[in-house]
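The values are calculated or read from the model by the stated rules, or taken from the named source; none is laboratory data. Model, not experiment: these values are computed from the prediction. Every residue, glycine among them, receives a Cβ derived from its backbone with ideal geometry; neighbour counts consider all protein chains shown. Areas reflect the complete protein model, heavy atoms only, side chains present, ligands, DNA and RNA absent. Shrake-Rupley method; radii C 1.70, N 1.55, O 1.52, S 1.80 Å.
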Amino acid sequence: MAANTPAPDSQSAARYDVVIVGGGPVGLALALALRGNACRGRRVLLLDAGQGWASDVRILALSYGSRLILDKLGVWPFLQAVTPIAAIHVSQRGRFGRTRLAAEEMRLPALGYVVDYASLQTAMREALGKPARRGVSTAPSHTAAQDFSHLTGACVTECRFGKDCAAVEFEAGASGQKTRVTASLVVFADGGATGNASIATFRDYHQSAVVAQVTSERPHHSVAYERFATEGPIALLPFGSRMALVWTTTPARAAELIELDERRFLDALGAHFGDRLGSFTAATHRASYPLRLRHVSPTAASRQVLIGNAAQTLHPVAGQGFNLGLRDAWALAQELNGDAAADAGSEKLLHAYRAKRDLDRRGGIFFTDALVRVFSNDSALLGLARGAGLAALDCLPAAKRFLIRRMVFGASG
């Protein structure tokens, strides 16, 4: 999509300081952060394809740190049907060793929250339609409205990057007419971009995730479960009166689970997970998707930045992916809002952003990848070591608090 050639002469094209490509939660978070501060005159354009999100049934686990960001963005009051995670029970199937991570150990109201994707999108779009929050904005809200544009149904067809600016071409509306704008910085937040200045690294885990919502005989009491097995971890997250299931297994087994009738699926789930929640009594529609690690480097260069899933796609174990992307958006907004007179796409600003995000990003990638590698195997010796590690963690409050803090607030703590 991107071409590393000098941007064409675009004297007649509208000029923006920042163009955001992608209207998912991460792109919307960046838009809210820039709009809320008004950037003292910076012009921001959000290009939002806006397709399919209302029917998206994905479930997201928000860390408490993400809640703090969403509150600052004015999103939290609009969120409906959010279920808190008071504790996380971690164990391994068929082996000894377990630990329990609890919010009370950190004196937090919750370790995180579970929300469906469509509800989060709705809340963020509602917040985007409101005036900038008092205490967040550094300029009157009418200035933010003048300097911020949000185009839905916009599909980017080409990007070109030059030394002094970037040119973005997109189609919007039923006519399919193409429009070109120029920008000091283009931010890819659409999950499908790679950027011409980045090299992507891939790892196929040869696993698939089966997702559904299930009802258990016993109430969950706001406890989430992460249980590791040879073919991959199984997670159950409290979501209303039900639980959101993410069952990682081999692609062949995932295909079998999708085809089972509801009763046989619930029996298979009970046999695999155990009886801690009693029997499973109901399940919603099931879906599956392959699991791969993908991350790019650098994430910021040549008047472009990649954030969220455009920068890194992680294994769902420990639920770090969206939270990492939200911190990407927040950190980039801090840099852009820090000096309104600075060139939004300057190498100095992009270097500062990369430096700020490097520890957290590398830590999140390493943590999730290491969990998959260490726990998704049938080595008896390693199984004993894993069990000993979980048991030791349960006896070491300081180590537990360290782990919880990193899971909640990121590798930088």
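Observations, loosely collected:
- Among the residues of the stretch 286-293, none qualifies, meaning not one is touching a residue at least 60 places away in the same chain (Cβ under 8 Å), over 25 Å from residue 92 (Cβ atoms) and not aliphatic (A, V, I, L, M).
- Scan of the stretch 331-353 for residues that are surrounded by fewer than 17 Cβ atoms within 10 Å (Cβ to Cβ), assigned to a helix (DSSP H, G or I) and among the charged types (D, E, K, R), ordered by number: 347, 348
- Residue ID - farthest from residue 315 (Cα to Cα), chosen from residues in the stretch 279-304 that are part of a strand (DSSP E or B) and open to solvent by 50 Å² or more (accessible area, probe 1.4 Å): 281
Conditions tested, residue by residue: (1) surrounded by fewer than 18 Cβ atoms within 10 Å (Cβ to Cβ); (2) outside any helix (DSSP H, G or I); (3) aromatic (Phe, Trp, Tyr).
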{"residue": "54", "(1), (2), (3)": "yes, no, no"}
{"residue": "57", "(1), (2), (3)": "yes, yes, no"}
{"residue": "65", "(1), (2), (3)": "no, no, no"}
{"residue": "77", "(1), (2), (3)": "yes, no, no"}
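- Pairs linking a residue in the stretch 140-165 that is open to solvent by 70 Å² or more (accessible area, probe 1.4 Å) to a residue that is assigned to a strand (DSSP E or B) and modelled with pLDDT under 90, with Cβ atoms under 9 Å and 6 or more positions apart or on different chains, are 152/172; 155/172; 160/2; 160/3.
- Selection count where residues are open to solvent by 60 Å² or more (accessible area, probe 1.4 Å) and not in a helix (DSSP H, G or I), scope the stretch 363-382: 1
- Output for the stretch 389-413, where each listed residue is of a type in the set (A, V, I, L, M), out of contact with any strand residue (DSSP E or B) (no Cβ under 6 Å at 6 or more places or on another chain) and open to solvent by less than 50 Å² (accessible area, probe 1.4 Å): 391, 392, 399, 403, 407, 411
- Residue among 297, 241, 302 that is under 30 Å from residue 351 (Cα atoms) and over 19 Å from the mean Cα position of the chain (by Cα): 302
- Test: residue in the stretch 245-256 that is in contact with an Asp or Glu (Cβ under 8 Å, 6 or more places away or on another chain), under 29 Å from residue 202 (Cα atoms) and in a helix (DSSP H, G or I): yes
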